[in-house]
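*Asks:* Following this message is one structure expressed as structure tokens.
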Amino acid sequence: MVLIIVLMTLYWQWASPNSQQRQKIACQLNLEKIHVAMEVYANDFGNKFPVTPGARTSEEALDVLVPRYTVDTAIFICPGSADSPLPAGESFRNRKISYAYYMGQRSGDAQALLMSDRQVDTQPKSTGQYAFSATGEPPGNNHHQSGGNFIFGDGHVESSPARVPFSLVVSRGVVLLNPRP
């Protein structure tokens, strides 16, 4: 009987996603929901995603989505981060969210990077460079040492290890904004 319990425990540990995997999946769902709000916004603003001149953080640029395009502010907090919850339907401009934003993109560019988990910095990155924390320490540690997620213009999300498997070069007029430290 003990052997059966041990085998069942091992099976469930192997078959079910661990906490980090569940958090990354929940994070992907958050990014997809934000993408829907951004698409509705872009529909109202000539296919342009939110742009706030002079913005230094992703909060400043993305705050325009609340409450008109979404009242669900929980989607702006990555479940893998230690960031505090946000009040529903209220401005988060002076608070802290979990996601980086590629400000200046337009709707319709399927391969354009729109958002990601908080990155280690706001510099362009070549294939193989760190976008996310390698040590689990801030910055860029929404998922500790497990990398992070990216969402693209067509709404698809890709999970990445800490070292990105693709280039993160921004095009002219696009600025990567990290959330406030």
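*Asks:* Hey, among the residues in the stretch 14-55 that are modelled with pLDDT of 95 or more and of a type in the set (F, W, Y), which one's nearest to G173 (Cα to Cα)?
*Replies:* Once the filter is applied, the top-ranked residue is F49.
*Asks:* Specify the residue that is nearest to R56 (Cα to Cα); the eligible residues are those in the stretch 105-117 that are among the aliphatic types (A, V, I, L, M) and in a loop (DSSP other than H, G, I, E, B).
*Replies:* A112
*Asks:* Can I ask one more? Sort out which residues of the stretch 65-119 are over 10 Å from the mean Cα position of the chain (by Cα), of a type in the set (G, A, S) and at negative phi, and write them in order of number.
*Replies:* A74, G80, S81, A82, S84, A88, S91, S107, A110, A112
Residues checked against (1) farther than 11 Å from S58 by Cα; (2) β-branched (V, I, T); (3) at pLDDT 95 or above:
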{"site": "P85", "(1), (2), (3)": "yes, no, yes"}
{"site": "F92", "(1), (2), (3)": "no, no, yes"}
{"site": "R95", "(1), (2), (3)": "no, no, yes"}
{"site": "Y99", "(1), (2), (3)": "no, no, yes"}
{"site": "M103", "(1), (2), (3)": "no, no, yes"}
{"site": "Q119", "(1), (2), (3)": "yes, no, yes"}
{"site": "Q129", "(1), (2), (3)": "yes, no, yes"}
{"site": "G136", "(1), (2), (3)": "yes, no, no"}
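*Asks:* Of everything in the stretch 126-181 that's charged (D, E, K, R) and assigned to a loop (DSSP other than H, G, I, E, B), which residue is surrounded by the fewest Cβ atoms within 10 Å (Cβ to Cβ)?
*Replies:* For the stretch 126-181, the residue satisfying everything is R172.
Condition check ((1) closer than 26 Å to F132 by Cβ; (2) in contact (Cβ under 8 Å) with a residue 12 or more places away in the chain; (3) surrounded by fewer than 17 Cβ atoms within 10 Å (Cβ to Cβ); (4) touching a strand residue (DSSP E or B) at 6+ places or on another chain (Cβ under 8 Å)) across all residues:
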position	(1), (2), (3), (4)
A42	no, yes, no, yes
R56	yes, yes, yes, yes
A61	yes, yes, no, yes
A74	yes, yes, yes, no
P79	yes, yes, no, no
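*Asks:* Hey, does the stretch 114-125 have a residue that's closer than 17 Å to H143 by Cα and surrounded by fewer than 17 Cβ atoms within 10 Å (Cβ to Cβ)?
*Replies:* Yes, there is a match, as at least one residue in the stretch 114-125 is closer than 17 Å to H143 by Cα and surrounded by fewer than 17 Cβ atoms within 10 Å (Cβ to Cβ).
*Asks:* Here's something else I'd like to know. (1) assigned to a loop (DSSP other than H, G, I, E, B); (2) at pLDDT below 95; (3) more than 28 Å from S146 (Cβ to Cβ): which one isn't true of I4, the others all being true?
*Replies:* (1)
*Asks:* Check the stretch 93-110 and report whether any residue there is touching a Pro at 6+ places or on another chain (Cβ under 9 Å), without any contact (Cβ under 8 Å) to a residue 40 or more places away in the chain and of a type in the set (S, T, Y).
*Replies:* No: zero hits.
*Asks:* On to the next question. It is to be established whether one or more residues within the stretch 42-51 are closer than 21 Å to R180 by Cβ and touching a His at 6+ places or on another chain (Cβ under 9 Å).
*Replies:* Checking the stretch 42-51: not a single residue is closer than 21 Å to R180 by Cβ and touching a His at 6+ places or on another chain (Cβ under 9 Å).
The values are calculated or read from the model by the stated rules, or taken from the named source; none is laboratory data. In this text the structure is predicted, and so the values were computed from the model without any measurement. Reconstructed Cβ throughout: ideal geometry from the backbone, glycine too, with neighbour counts over all protein chains shown.
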